[in-house]
Structures are given as C-alpha cells and as structure tokens.
Amino acid sequence: MKKIILASFVCCVLVQPAFAQSCGDLWYERNAIYKNAGYCFSTQRGIRAFGNDGCQYDNITGVPLSPGARARVAEIVRMERMYGCR
C-alpha cells in the first residue's frame, strides 16, 4: 500500500504588519512624546499640530525623556528611515 502525502505550499507575499504606521503617524507619535516632555516647536507643522503653550525646551537634545520614551523615539526614527519618511 502506497502512502500519498499531500502538501500545500503558501507563496510568500510581502505585506505590512497590521501594526505598521504611516509616516504621518510616526511623525505625530514622535513629536507627541517631545510635546509631552515640554519641547517648543519651531516648525509650522509642529506648531500647528501641538502649539507651544507651556513649552520649556527650545533645543530638542535638552528635552528630558525617560529611558522608555527615548527608546521609543529611537525606534520611531528607525522606522521612519526604513519607510523612507521625510
């Protein structure tokens, strides 16, 4: 008696994971982290999105971020580069 083995193969399709964010989403999340930490925006886009009420830091490198927030910003920057965001 012969055994018949049926195999099915699934072809690979590149799709973005469900959690993938757009460049705009990444920009907003990254800058929201800075806004929450007191950054004063200098670009019109940043000012329009977040305003500068209550801001304390003009230099983004001087904004005090927790280690978790700093790690998330670094992750967002990596994703922005990967996606080719401008």
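Is segment 19-70 best put as rounded, prolate or oblate by its Cα gyration tensor, with a ≥ b ≥ c the root eigenvalues, rounded for a/c under 1.5, and otherwise prolate when a/b is larger than b/c, oblate when not? Since a/c reaches 1.5 but b/c is at least a/b, the shape of segment 19-70 is classed as oblate.
Round to the nearest 0.05 the FRET efficiency obtained for Gln21 and Asn59 when R0 = 25 Å and r is the Cβ-Cβ distance. Display every interim value, and only then the final one.
Details: r = 27 Å, r/R0 = 1.06.
E between Gln21 and Asn59, to the nearest 0.05, is 0.40.
Readers should treat all values here as calculations from the given coordinates under stated rules, not as data from a laboratory. Since the structure is predicted, the reported quantities are computational estimates derived from the model, not experimental observations. Positions of Cβ are backbone-derived with ideal geometry, glycine not excepted, and every protein chain shown enters the neighbour counts.
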